[in-house]
Structures are given as C-alpha cells and as structure tokens.
1. With the other protein chains left in place, how much accessible area per residue, in square angstrom, belongs to the chain at a 1.4 angstrom probe?
2. With both partners inside the chain, how many of the DSSP beta bridges are antiparallel, as a percent to the nearest 5?
3. Taking a ≥ b ≥ c as the square roots of the eigenvalues of the Cα gyration tensor of the stretch 13-132, is the shape rounded (a/c under 1.5), prolate (a/b larger than b/c) or oblate?
4. What are the lysines whose alpha-carbon lies under 25 Å from the alpha-carbon of residue 23, with same-chain residues fewer than 8 places away excluded?
5. If the reach is capped at under 19 angstrom between alpha carbons, list the lysines near residue 201, excluding any in the same chain fewer than eight residues apart.
6. Go through (i) 19.8; (ii) 17.6; (iii) 18.6 and flag the label whose value is the computed Kirkwood radius over Cα pairs in Å for this structure.
7. Looking at the square roots a ≥ b ≥ c of the eigenvalues of the Cα gyration tensor of the stretch 128-193, which shape do they give, rounded for a/c under 1.5, prolate if a/b is larger than b/c, or oblate?
8. Under the 0.36 nm per residue contour assumption, what length would be gained going from the current alpha-carbon distance of residue 133 and residue 205 to full extension?
Amino acid sequence: MNIGKAESIEHEGKHILSAITKKPTKDRVFLSGLGLQGDEQANKIRHGGPHKAVCAYPEEYYPDWEQVLCRELPFGSFGENLTVQGMRESEVNIGDIFMWGEALLEVTQPRPPCHKLAKKFGYPQLPLLFQDLGKTGFLMRVLQEGWVSIESQFVCSKTHSSQISIKMVNEAMYKDVPNKELIMNILQVEALAPSVRTTLKLRLAGHYEDSTNRMQGM
C-alpha cells in the first residue's frame, strides 16, 4: 500500500507539482470514496475522483522497468496505491470486485500513463512504452468504504461475467482502434469509467482525433 503527497519535480529547469511518487506505508488507513486518507493528487481534474479512487500496478513488471530505467525502483514508483501480485491486465476485468480489508472496490478502467512519469524519470518515451507494452495497471472505484492496511487481504470476490479484461480495453484504446465490435462489447459493461466510455463513443462516431485528445488528457 502506497501513499504520496504532492511535491515538486524538476524537469528541464522547471518545477512541476506532482504526487506521482508514492511511498509504502504499514499504517492502517481509511479508504473513502475518493481514495486513501492522506494520499493526494496534484491535478484533481485528470487524476483521482470517484471512478479513479485507487490505482493498482503489478509487482511483476518492476524488474523489467528497473532494467529499462537503470535503477532500483521501490514500490509506489509509478504512482500506484497498491502494488499487487498475479493481477496483470489480461487477468483483471472491468467490473471485477475486490475485497480489501473492510472495503469493496470495483475495476473501472486501465490506468492511462501520465506525462509526469516521463518527467519524473527523465525518459520521454516512458508513457508511450507503458501503452505499447500494455503494462498500464488499472483503476478502481470504492463501492464500500472502510479501514485497510498492508496486512489486509486484497482478493477478487466477484469476477464480472462479461470477461472484458483491462488488456482488451487497452487494445481498443491504443492499438486495435478501428475494431468497432470490440468497442461495442466494452461499452456494454456498466462499470466502465465515464471518461473511457466517452472516448470510445467518439471512436464509434468516427471522431478519432477528438477521442485521442481526450485520451491523452486523462
């Protein structure tokens, strides 16, 4: 479990406010509908909110990113609140419900790679690499608030019947863009985050440029 405050990042002589760096905590923390108590987002328009309250990222990707970035990376380095095991994008579906301590969470969308990842690590291609490799992690909304900790089990209590995985949504967003059948199947899942739903509806209507601009601004 990782929590972070907004702090200044220096990039090309400029200072940017960001909470992209989260630090592990062993404390018991209250999880509300807007996220973990004490956790912050510098840009509340693009990050956080009820449909993006908690960010999860697979632990299995850390060794690969350590090789790419040529440094050791503590958990929370990519801005995730939860560093998880066995939950790659192909294994997690939109609408899956997870139990964590006293709380219940529902998967809403992939985590859109933020430009601040590039600025933090001084690696301009990093967000695009996240997209191309499909190593995005995922976001969740809180269905039931409650106290959580690193000692609390984080387990899937209900798998969504549609089987629309995070990987499939990433494909529709970034790679298999013209696949209208895939988009229509994704749009049928009620749990899908509104911002992604709007983007995909624009794609169906043929407004690719508008939807790409919205996607990049998430």
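The values are calculated or read from the model by the stated rules, or taken from the named source; none is laboratory data. Just so it is clear, the model here is predicted, and its values are computed rather than measured. No Cβ is skipped: glycine too gets one built from the backbone with ideal geometry, and neighbour counts run over all protein chains shown. Areas reflect the complete protein model, heavy atoms only, side chains present, ligands, DNA and RNA absent. Shrake-Rupley method; radii C 1.70, N 1.55, O 1.52, S 1.80 Å.
1. Details: 10860 Å² over 218 residues.
On a per-residue basis, the chain sits at 50 Å².
2. Details: 30 of 33 bridges.
In the chain, DSSP labels about 90 percent of beta bridges as antiparallel.
3. Working: a/c = 1.59, a/b = 1.31, b/c = 1.22.
It comes out prolate by the Cα gyration axes.
4. 5, 14, 44, 52, 116, 119, 120, 135
5. The qualifying lysines are 167, 175, 180.
6. Of the labelled values, this structure produces (ii).
7. Details: a/c = 2.85, a/b = 1.63, b/c = 1.75.
The shape class here is oblate.
8. Values: separation 72, 0.36 × 72 = 25.92 nm, distance 2.70 nm.
Going from the current span to full extension adds 23.2 nm.
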